[in-house]
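Chemist: This is the structure, below, for whatever I ask next.
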Amino acid sequence: MSLDERLAERGEIGGRTVRITESGDVECHVYPLGPLPSGTVRVRTELSVVSPGTEMTYVGRDASNPYLHKTWDPELRVFTVGTPTQDYPIVFGYRAAGTIVASGDAEMTPGMRLFGKWRHTEFTALSLADARAQRLPDELSFEDGADLAQMLPIAVNAVAYAEERHAGAPAVVFGCGPVGLILAQVARATGATTVYAVDRLPRRLAIARSLGLVPVDAAAEDVALRLKREHGPDGIPVAFECTGSARALHEAIRVVRRRGTVVAVGFYQGEATGLFLGDEFHHNGVEVRSGQIGNLHPRWEIGALRAFGIDLARRRAVILGGLPRVSLPVEQAAAAFGALARPADVLQVAFSYRGA
């Protein structure tokens, strides 16, 4: 008996999802499970992981995501004053892994493990093409798989924007959140001699140290002054800013050499308080490049980007699922997002869909 048949027999006609309501609150919502479209497979999610940067911009009464406040013109690629592009309720998420539970295809059969960037939903339908491209390698866990479709490609794409200037030199990563910790490992795997991981939170600095990175406590010292004294004024060609803080972006600009490069990876919100463009940016001719995944580096396409990252994960050059996560049942969605408001204690949160 298929999972669909067992659900029907038990009177369960829907799945569970996480959605953000108009009030900015987070809730677990049950949605109807429709018929499986032709040419697709149904996947039951094993786990999905919250992106603590992007997703938190939709939460709360003062949610700051620009799509909630402005109109995005996709042709002109500019935000304008007008009707917000997005409205509530919002179902988000892009870090997931699961198992095929229904398929009409002889090749993609129930029981096969997949990774993807589907939303925080108990069930999803993937095209056969996507399912074939997103087979989870046997040696990787579901915990690894949740980051193969999007989070690891975000890091690989950002490092590509360094144009290999980090190879054979020290690199500095600001922010020891999930993106920063993964990116730092990618930078090391692609040639950086030493990777400094900068943060203000002791627990996150300890995680960075456990990965073989060199932790630097920005709350205790002037990062740029220390590293320029150690490596000289021209010693650091590239820094990666992964916090989304304008103040951290300013510090990244300070740390690189004259005509150095800063790859901005974080999702910056509101005005740029703490960014002083008349200082090192102006005097040292620093280049700031956006490494946002929606703008793929010209030498990459998404399939090759994922394949490169998967190779790193299979060789254990990058630790993914081994990074600390708090796992909560999807019914505790509000508590999960609440935990992310305590970054000193919680690095990331995953939803479990077991037990339904």
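The values are calculated or read from the model by the stated rules, or taken from the named source; none is laboratory data. Values in this document were obtained by computation on a predicted structure and should not be read as measured data. Using ideal geometry, Cβ is built from the backbone for each residue, glycine included, and neighbour counts are taken over all protein chains shown. Ligands, DNA and RNA are excluded from the accessible area calculation, which covers all protein heavy atoms including side chains. Shrake-Rupley method; radii C 1.70, N 1.55, O 1.52, S 1.80 Å.
Chemist: Between residue 226 and residue 81, what is the spin-label point distance in nm, taking each point 7 Å from the Cα along the Cα→C-beta axis?
Modeler: 4.5
Chemist: Computed FRET efficiency, Cβ-Cβ of residue 210 and residue 69, R0 35 Å: what is it to the nearest 0.05?
Modeler: With R0 = 35 Å, the Cβ-Cβ based efficiency is 0.35.
Chemist: Using a basic spin-label model with each label point 7 Å from the Cα along Cα→Cβ, how many nm lie between residue 332 and residue 311?
Modeler: 4.0
Chemist: Per residue, how many Å² of accessible area does the chain show with a 1.4 Å probe?
Modeler: Roughly 45 Å² per residue, with all protein chains present.
Chemist: Turning to a different aspect of this structure: Using the alpha carbon gyration tensor of segment 31-90, what are the three equivalent-ellipsoid semi-axes (square root of 5 times each eigenvalue), largest first, in whole Å?
Modeler: 30, 18, 12
Chemist: Now a separate question. For helix 302-314, what angle does its Cα long axis make with the longest principal axis of the chain, in degrees from 0 to 90 and rounded to 10?
Modeler: That works out to roughly 80 degrees.
Chemist: Of the heavy-atom accessible surface of segment 253-356 (probe 1.4 angstrom), what whole percent is carbon and sulfur?
Modeler: 53
Chemist: Note down the net charge around residue 226, summing +1 for each Lys or Arg and -1 for each Asp or Glu among other residues with Cβ under 12 Å from its Cβ.
Modeler: The answer is -2.
Chemist: Continuing with the same structure: Summing -39500 (n - 2.57) over the DSSP H runs of n ≥ 4 in the chain and dividing by its residue number, what mean residue ellipticity at 222 nm do you reach, to the nearest 500 deg cm²/dmol?
Modeler: -7000 deg cm²/dmol
Chemist: Another question, if that's okay. Work through the residues other than residue 23 whose Cβ is under 15 Å from its Cβ and net out their charges, Lys, Arg +1 and Asp, Glu -1.
Modeler: Result for the neighbourhood of residue 23: -3.
Chemist: Segment 11-168: D in µm²/s via Stokes-Einstein (Kirkwood Rh, Cα pairs, 25 °C, 0.890 mPa s)?
Modeler: 139
Chemist: Which of the peptides 131-142, 23-34, 343-354, 47-58 is most tightly packed, and how do the rest follow, going by the mean number of other Cβ atoms within 10 Å of each residue?
Modeler: Packing order, densest peptide first, comes out as 47-58, 343-354, 131-142, 23-34.
Chemist: Here's another thing I want to ask about it. Give the residues of segment 32-54 whose amide nitrogen is closer than 19 Å to a point set 7 Å from the Cα of residue 247 in the direction of its Cβ.
Modeler: What the label zone holds, given the 19 Å backbone N cut-off, is 53.
Chemist: Next question, about the same structure. With all protein chains present, how much of the accessible area of segment 65-116 (probe radius 1.4 Å) comes from carbon and sulfur, to the nearest whole percent?
Modeler: Ligands and nucleic acids excluded, carbon and sulfur reach 57 percent.
Chemist: Report D for the chain in µm² per second (integer): Stokes-Einstein, Kirkwood Rh on Cα pairs, 20 °C, 1.002 mPa s.
Modeler: Rounded, D is 100 µm²/s.
Chemist: Next up: Given points 7 Å out from each Cα along the Cα-Cβ axis, report the residue 91 to residue 269 separation in nanometres with one decimal.
Modeler: 2.4
Chemist: Quick one: which of 250-257, 67-74 comes out on top by average Cβ neighbours within 10 Å, and what's the full order, highest first?
Modeler: Order by mean packing, descending: 250-257, 67-74.
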